[in-house]
Each structure stands twice: as structure tokens, then as C-alpha cells.
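Below: one structure, written as C-alpha cells.
The values are calculated or read from the model by the stated rules, or taken from the named source; none is laboratory data. What you are looking at is a predicted structure, and each value in this text was computed from that prediction instead of being measured. Note that each Cβ is placed from the backbone with ideal geometry, even for glycine, and that neighbours are counted across all protein chains shown. We work out accessible area using only protein heavy atoms, side chains counted, and drop any ligands, DNA or RNA first. Shrake-Rupley method; radii C 1.70, N 1.55, O 1.52, S 1.80 Å.
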Amino acid sequence: MEMSSSDKVGTKDLIRRCEFVRVIIQSLYSLGYWKSASLLEEESRIMLQSPEISLFQSQILEGKWDESIATLDCIRELSPEARNSAVFLILQQKFWEYLDRDDTSEALVILRGRMSQLGVDKGKLHMLACCIISRSKREEIGRKLKGGDESRRKLLNELRLIIPPSIMIPEGRLEHLAELALLLQHERCIYHNSPKDSISLYSDHHCGPDQIPTQTLQILHQHEHEVWYVQFSNKGDYLASSSRDYNAVIWTVAGDGDISLKHILRGHQKPVSLVAWSPDDKLLLTCGNRELVKVWDVQTGNCKVTIGKGSSGFSSCAWFPDSQRIVCGLCDNGICIYDLEGVEHDTWRGERMPKISDLSVTPDGMNLISICDEKDIRIYALEAKTERVISENQSIMSLFVSKDGQYLLVNLNNQEIHIWDVCGTWRVPLKYMGHKQGQYVIRSCFGGFDNAFVASGSEDAQVYIWHRQSCKLVAQLSGHSSMVNCVSWNPANPKLMASASDDCTIRIWGVQQARPSLKNHAHASHGTCI
Amino acid sequence: MGRLHLSYLDGRMYTCKYCYTHLALVDDIISKTFHCNNGKAYLFNKAVNVSLGEKAERMMTTGLHTVADLFCIACGSIVGWKYEVAPDRIQKYKEGKYILVMRKVVDFDGTNLGGGNESQAGASDADDAGY
């Protein structure tokens, strides 16, 4: 059998044959195929590691400390500092093993003797000395030895970090390289809308635009005027919408994505500007435009409580994660917290309070995020009672917080959508552009598997979808005949999305294979993918 | 039309005469001495809930200015104009500022300050010697 004697493998002249084979041998050993591994070593005449290293490894695992140090000295490629650090770790292990056998005098000998001659950080030596005296200090460092093996293996891993990788290859090297390649393919796939592990090693991965909802499956005609808001429930089995016709509607979402009418909620005397599902999906809040807030029972469709009679009205409202309290932004400046009986629990009012146009509580209950005085995003930590402000240069139209409470999305006056992180580590936001937004409240949302996408309405009657990480526009969906005010992506079904428009309809979008026919005398429409 | 994003002001202010949308605060008045074909007009530092028309050059008593008409974003009625470019150094202070014609607006307590009939918002202004 002929063996190619070339130095490199692969088509791009990047991979050294010797390194490639060694990494394969290592993974064969770790997979448990010992016979194949040693056969490969024989056939290729490339050893995974030199005999000294193999000896060294077995000496460490067997606890032959002095012999292992001697072997270490035989390895020529080791720098003096690396040698000293390695010897320190080996002696430290010896020290610990003596301590665990309660052989404190021997432990002391090591500490005083060879360890202090190594010239390592005195602080470490002092800490070890403390451990001889105090048992609690020992526990503090977390040394709970059950048997020699576990900690000796750990020592070996620590030594691998000090010894140059070409002498002793880090564990799992081939698996690590394969994973990096898969992750890169996943990042590059801008249409990817399914779990990461659906990527195979067999071919380079890239999804097509058929993975995201771009086909109109259904058109809902219930409302008699512009539909301003639409949102799927947290578990994805209901949809709620609200309209300028003063009503809100609850819809049922069937398993196959078919939407049907459940309840019409009448009672507001003004256009209903938003709805909010309680975290347990049992109740729905509706907020009239600068009017009252009503709490509805999802199953019966009855209004349980009306809040805000006699006040100047609310601009927005949101639930606390316990589904027991709600927070509302007041039109005459300030915030109020109510319980389900409509009783005020807490309030921040007064001249100095900002004007709140939108607000949200993160699902973990840690932060209250509000849009104040049009341009500020205020993130208020409820427990610590501290606040952080992100100031935008343009007026903010709407706010959306991700389900995991990590990110917030704001639509701005200047036709940009910004994502900020709630923790505050980002200096600049991620930006998304291409849609049209002037003076009207247009809302956006996160969606798809793992919140991989950002979707938004637009004044040009289209729904826009961007790939979140790369900020690339991946789809522009036409079909509505008038401004799209709001979009909502089903949290339980990454291939189902709803949009609300001034043309008085709600469109349900999905992927091609799901449903071949259209419901409700709908006009067919298609989205264009970029 | 969608849900209009309106700004709301606090305090004494002027609102659109037809739909009462908030337009500007009394505190933001720079000068009360302007005039146009339609009567008195005030110069404001800032105006909200207005949209701008096309820029156009107009001859005023103080020279050729570039202005853009202001429209109420809720009802579309014309409420004044914004100075974009002034002809010389003396008039420069007007740049970026807003004129609201009093006949088109209403005080917070509902008093109509302009009085009389409306016609197209005018093209002339006059400055007080003191400014």
C-alpha cells in the first residue's frame, strides 16, 4: 500500500499531516478504540506522544511523584518556568495526599523543602501552610478527596495546560475542532430556525428561506377597524388582538396552527392600544388608549376588574411574573402597581416623574423596564432599587422584552430598531434597518427558534424579518394592504407568526409545507426572501 | 392611520385649534412680536407633534428666508412654519426655531388667541427692534 509522503493534507494546504494523524489517534483512544489507535500509530509511524510523556502520565496517575519529576526533567522542550510550575503542581498534589492521610509532618517537610525552593508565589505557600493547621481552610479550598484517581486526573489536566500542546495534546482536540466548524456553520446560516443539533457533519449546513414563516396561512377578518396589537399567549395556544374598533379578541390556536375565534371582549370606550397575557396565560389585560385597564378571564371572556376609573388614563401596562400584580404607566406622569382586585399597592407619582409611554417587567421579576420622556430606556432593578438609563437620540415608539429577560428591543423614530442587553454590558446596540417608520407606533418582536430573528411591522404594509445575530434582512412579506402595526411570533411554534394591520385584518404566516390550502376566502400572497 | 405616536406636554401650552393636539409650551416662547397675513405669531424654541412640509424660499420683511411649513400630525392643519436658513447674521437666531400662528392654535384653557377669519399662513414677518 502506498503512503503519500506529502507534508500537508486537505485542499487548502493548511493542515499538517503529522498533526492531523496525532489528533485522530488521540480521538481513537478517547473513543475507546485502543487496538485501532495503536495500529494507526504503527502504520503511520507517528506516535501520539513520546514514550517519556506516556511514562510521565502513568507515573502521575500512580502517584509516583519523584519519578515523575525526574521524567519531566528529561523533556527537553520544557522551559524553566513551565518546569517549575509543573513541579509545584506535582508537589502540591503530594502535599495534599499526605494531608488527607493526616500525615502532617511529611506534608510540612515537602512545603519547607522543595516547594519553597521553586521560587513560586509566596502567597500560595502561605495558603497551603494554613491548610495544615486549619481543617476549615482546607474545606474552603474545596479539597474533598474521595480517592486518588479523580484528583490525579485533574492534576494531569492542569499539567496539560503548562506543558506545550505539541508534546502533550489537550484532551478532545478533534471533537473541539469539529464543534467549532459546526458552530461557525450555524452562525452563518441566517435562515436557521431549529435546534443547533440538527446540523450534520456530512455536508456544510445552510438552510433555505423555507424555514421561516413567509406564507400567509390564514387571514382573520373579525375586527371592524384598524388592528393595533396582536400577541400570542406565553404557551402559544391562544392569540389576542386589539383594535381601533374599541374591542379586543381572544383566538384559539389549534395544534396544526389553525386559528379560530374564542371571545370578543367589549367594554372599552376608546381604541384598545395593547393587550398583555398574564404569565400563567389565565388572564388578559387590555389597555384603552389613554383610558382604562381591564382584566379579562381567558376561559370565560368576562371582565373581572376595571382599573383606573377617575384617573387620567393609562399609557401602557404589564404583568409581574407572579400573575397577581400589574404595573401601569399613568398618563399624568408616573407608575402605579395594582393587584387583581384593582387595589393600588405602590405608586410613584408627581411632577418630577417622567412620562411613561411603554413598560415591561422581565420574566424573572428582576427588572422593570420603561420608556421615559420618549427617549430614555430606564432599567430599574426592583430589589436593589437601582436604576440604569440608556438614552437614545430619537423618540422611541415601542418596547419589547425577550422571554428570557436578557434583551430589549426598541423601535425608533429614525427607522431603526435597536437591541440592548438588560445587564448593561453593551456599549452600542445591535441595529436593524430597512423598514418604514414615521410617526406611527410600529411594534417589533423576537421570534423563531432560540430568538434567532427580529420581526417588525412597517408603514409600507410589509412585515420585515431580520437575522438577529448578523442584522441581515432575510425576508420582506407583502400581503397586507395597509400599514402593519404589530407582529407576534408564536413562542411555542417557531414557524408561526401573526401580524396586525390598518387594513383591519390579522394575517397568520407559516412555512410552505404546513398547509397547502388557505382558509377563509383569503387572498393568496407570498413573501419575498432576500 | 395606525396608532399615532403623540407627545404630551405639561404646563401652559398651545394646542392645535381643531384637534387639541399639544404643540408647544408657553415656556418655550422666544418672541411674541412676529406677524403674518393671518395675524400674530410667536417664535418658539421647540414644537412637538408637527410634521414639516417642503423647504421653500420666502421673502419676509427682514429678507429672503428658507422656511418649511408646519402641519399638525393628527389632523394635518397648517399651524405655522419653521425657519431653516436665515439670510444674514442678524437673523441667524431664528434658524431651527418654530413659528406658531396664533389663529391656528388654542391656549391650554381654550382661549382662541388669533381671532378673525383664516387664510393661508402668511409670508411676512416683522422683528421688534429690541431683538
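What ranking of A:Ser444, A:Ser166, A:Ser134 comes out by heavy-atom accessible area, probe 1.4 Å, highest first?
Largest accessible area first, the list is A:Ser166, A:Ser134, A:Ser444.
Explain nothing, just the number: dipole magnitude of the protein assembly as shown about its Cα centre with +1 on each Lys and Arg Cβ and -1 on each Asp and Glu Cβ, in debye rounded to the nearest 20.
Working: 73 positive and 80 negative charges, 93 e Å.
Charge dipole of the protein assembly as shown: 440 debye, to the nearest 20.
What lysines sit close enough to A:Lys122 to cross-link, taking a C-alpha to C-alpha distance under 21 Å and skipping anything fewer than 8 places away on the same chain?
A:Lys94, A:Lys137
For the residue pair A:Ser58 and A:Asn234, what label-to-label distance in nm results when each label sits 7 Å from Cα along the Cα-to-beta-carbon direction?
5.9 nm
Taking a threshold of 27 Å on the Cα-Cα distance, which of the pairs A:Lys431/B:Lys82; A:Lys355/B:Lys40; A:Lys375/A:Lys436 fall above it?
Details: A:Lys431/B:Lys82 31 Å; A:Lys355/B:Lys40 32 Å; A:Lys375/A:Lys436 19 Å.
In this structure, A:Lys431/B:Lys82; A:Lys355/B:Lys40 lie more than 27 Å apart at Cα.
Can you give the accessible area of B:Lys40, probe radius 1.4 Å, in Å² rounded to 10?
90 Å²
Express the C-alpha Rg of region B:10-98 as a ratio against the empirical globular expectation 2.2 N^0.38 Å, rounded to two decimals.
1.06
Between A:Gln269 and B:Leu4, what FRET efficiency follows from the Cβ-Cβ distance if R0 is 22 Å, with the result rounded to 0.05?
Once rounded, the FRET efficiency stands at 0.75.
What do you get for Rg/Rh of the protein assembly as shown when both radii come from the Cα atoms and Rh is the Kirkwood radius?
Looking at the protein assembly as shown, the ratio lands at 1.14.
Nearest 500 deg cm²/dmol is fine: what mean residue ellipticity at 222 nm does chain A get from its DSSP H runs of n ≥ 4 alone, each adding -39,500 (n - 2.57), divided by its residue count?
Calculated mean residue ellipticity at 222 nm is -7500 deg cm²/dmol.
What are the ³J(HN,Hα) couplings of region A:393-402, residue after residue, when phi is run through the Karplus curve with 6.51, -1.76, 1.60 and θ = phi - 60°? Round to Hz, x for glycine and proline.
8, 10, 5, 9, 8, 7, 10, 9, 10, 5
Roughly speaking, what is the stretch gain from A:Ser50 to A:Asp66, that is 0.36 nm per residue apart minus the C-alpha to C-alpha distance, in nm to one decimal?
Contour length minus Cα-Cα distance gives 3.8 nm.
Could you state the principal axis extents of the C-alpha atoms in region A:371-514, from the largest down, to the nearest angstrom?
That works out to 48, 31, 25 Å along the principal axes.
May I ask you to list the chymotrypsin sites (Phe, Trp or Tyr not before Pro) in region A:22-125 that are in a DSSP loop and have at most 16 other Cβ atoms within 10 Å of their Cβ? Walk me through the numbers on the way to the answer.
On the way: sites: A:Tyr29, A:Tyr33, A:Trp34, A:Phe56, A:Trp65, A:Phe88, A:Phe95, A:Trp96, A:Tyr98; in loops: A:Tyr33.
Here the chymotrypsin sites (Phe, Trp or Tyr not before Pro) that fit, given the DSSP loop and packing criteria, are A:Tyr33.
Within region A:228-313, report the trypsin sites (Lys or Arg not before Pro) that DSSP leaves as loop and that have at most 14 other Cβ atoms within 10 Å.
Passing both the DSSP loop test and the Cβ count: A:Lys235, A:Arg266, A:Lys282, A:Lys309.
Say each of A:Ser136 and A:Asp280 gets a label point 7 Å from the Cα, pointing the same way as Cα to Cβ; how far apart are those two points in nm?
4.4 nm
Along the Cα-to-C-beta direction of A:Cys207, a point sits 7 Å from the Cα; which residues of region A:159-187 have their amide N less than 14 Å from that point?
Of the residues in region A:159-187, A:185-187 have backbone N under 14 Å from the label point off A:Cys207.
For region A:1-104, evaluate the Debye formula with one uniform point scatterer on each Cα (no solvent term) and list log10 I(q)/I(0) at q = 0.12, 0.15, 0.18, 0.21 Å⁻¹, rounded to two decimals.
-0.60, -0.82, -0.98, -1.10
Say R0 is 35 Å: what FRET efficiency, to the nearest 0.05, do A:Ser36 and A:Arg101 get from their beta-carbon distance? All intermediate terms of the calculation are to be shown ahead of the outcome.
On the way: r = 40 Å, r/R0 = 1.15.
The calculated FRET efficiency here is 0.30.
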